[in-house]
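Coordinate-derived values only; no laboratory data. Everything numeric here is computed off the predicted structure, so don't read it as measured data. Here the Cβ positions follow ideal geometry from the backbone for every residue, glycine too, while neighbour counts run over all protein chains shown.
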Amino acid sequence: MKSQFQHHWSIAEAKARFSEVVRLAERDGPQAVTRHGGVTVYIVSAADFDARDRQGPDLVEVMRRCPHPDVDLNLPKLDSTVRDIDW
């Protein structure tokens, strides 16, 4: 992200000034869109969105590069059941 600056827009404002909201998201970082005073969504640039997944190396890659390849973790398999949750 470019900066921590964040502007808050009502849904009506964001709709009316969408081009500006997008431009500011690209230049300044995430733009918060609010409904009834609470943030409901953020508009972010594609670069910021893509960067969120590239915070660190992939776990599989880290395991492959382990300096001790002869170490066997021997992790037990979990045979627990998953309970249903009513939404």
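Going by amide H atoms built from the backbone, whose H comes under 5 Å of the H on S10, apart from near neighbours?
T34
Which residue, D70, D53, D28, has the most motion in a Gaussian network model of the chain that connects Cα atoms within less than 10 Å?
Between D70, D53, D28, it is D70 that shows the largest mean-square fluctuation.
Could you tell me how many degrees, from 0 to 90 and to the nearest 10, lie between the Cα long axis of helix 18-28 and the main elongation axis, the longest principal axis, of the Cα atoms of the chain?
50 degrees
Counting DSSP beta bridges with both partners in the chain, what percentage is antiparallel, nearest 5?
Around 55 percent antiparallel, to the nearest 5.
Among (1) 68, 29, 15; (2) 49, 32, 18; (3) 60, 39, 16, which one is Cα extents along the principal axes in Å computed from these coordinates?
This structure yields the entry labelled (3).
Report the trypsin sites (Lys or Arg not before Pro) located in the stretch 4-84 that are in a DSSP loop and have at most 15 other Cβ atoms inside 10 Å of their Cβ, or state none.
Here the trypsin sites (Lys or Arg not before Pro) that fit, given the DSSP loop and packing criteria, are R17, R52, R54, R65, K77, R83.
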